[in-house]
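Trainee: Structure provided below as structure tokens; questions to follow.
Every read-out reported here was derived from the displayed coordinates using simple, explicitly stated rules and does not represent laboratory data. Model, not experiment: these values are computed from the prediction. Cβ atoms come from the backbone with ideal geometry, glycine included; neighbour counts cover every protein chain shown.
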Amino acid sequence: MKRSTFIAGGLGLLLGYNPFSVLFASSDGRRDIYLTIDDGPNKNTDDILNKLKGNGNVSFFFLGENLDTKKGFEKAYRAVSEGHSVGNHSYSHPYFSRIELNEGREEIERTHELIERIHDKAGIQNPRLFRFPYGDTGSDNREGLKKILIDMGYSSYNCNDERYGIRDVACGWTLDSKDWKHYMTKGEYAIQEVLGNVSKSKEHDVILSHSYPIMSSYIIPSIIKRGNLRLISLVENK
Ligand SMILES: [Zn+2]
């Protein structure tokens, strides 16, 4: 291995992208990817669901405070009913390293109860997926939080790819779309940058994105139009 290749590989791993991973492809040449959409439900959720209809499934990580209204609950119920997976992203999106363990437990449990009710209403089993806000796994409380999640039946499903060495009980990601850099932006540069990041995805990459207008209006329609990526939820292929 050339030194320069090694350095590039190391840098890639640090950035959460593994340039050495084998590029698998499905039999029809399309790559299966897990698009994950955080921080909803919000005003973009229905638009995202409309665009996805008949075009694949994604995984939402919803916030309890957004689910705790009739509107939010209905949007999440629609997502579950239409075959998408819905996971827990805490109640109020805190940095888990900055709150007490019992506050962390409450963040997880309050949201869990809402998500459980949504699945009960839909007659679908709750897959019990959890993603930490900001990827902050709780620092000193990490082991305590992990135990809480395990005791509540949470698992990583397909969230964490062994190729990236990040197998754990919560859901991480293997590719960052960096849509958060373009919150509320709709400029051509923003669209091209986010699409460029998504198009680097390999088979079974877990892509981090958010419930932003850029996703509903541009990125998801472009992925569907290009047709080389198949959108599947984290619960599929288990
Ligand atoms: Zn978030």
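Trainee: Can you check what the net charge comes to around K147, using other residues whose Cβ is under 13 Å from the Cβ of K147 (Lys, Arg +1; Asp, Glu -1)? All intermediate terms of the calculation are to be shown ahead of the outcome.
Mentor: Working: positive: R105, R142, K146; negative: E143, D151, D168.
Surrounding charge for K147 is 0.
Trainee: Checking the a/c ratio against 1.5 first, then a/b against b/c, what shape does the Cα gyration tensor give for segment 26-231? Before the final figure, lay out each step's value.
Mentor: Values: a/c = 1.56, a/b = 1.37, b/c = 1.14.
Judged from the Cα gyration tensor, segment 26-231 comes out prolate (a/c at least 1.5, a/b above b/c).
Trainee: Please state the charge dipole magnitude for segment 179-238, taken about the Cα centre, from unit charges on C-beta atoms (+1 on K and R, -1 on D and E), reported in debye and rounded to the nearest 20.
Mentor: Values: 8 positive and 6 negative charges, 21 e Å.
Charge dipole of segment 179-238: 100 debye, to the nearest 20.
Trainee: OK, next. So, R0 is 30 Å and r is the distance between the beta-carbons of E116 and Q192; what FRET efficiency does that work out to, to 0.05?
Mentor: Rounded to the nearest 0.05, the efficiency is 0.15.
Trainee: Fully extended, how many nm does the chain gain between K53 and R30 (0.36 nm per residue separation, minus their Cα-Cα distance)?
Mentor: On the way: separation 23, 0.36 × 23 = 8.28 nm, distance 1.86 nm.
Length gained between K53 and R30: 6.4 nm.
Trainee: Now a separate question. What dipole magnitude, in Debye to the nearest 20, does segment 109-238 give about its Cα centre under +1 on Lys/Arg Cβ and -1 on Asp/Glu Cβ?
Mentor: Numbers: 19 positive and 18 negative charges, 74 e Å.
Rounded to the nearest 20 debye, it is 360 debye.
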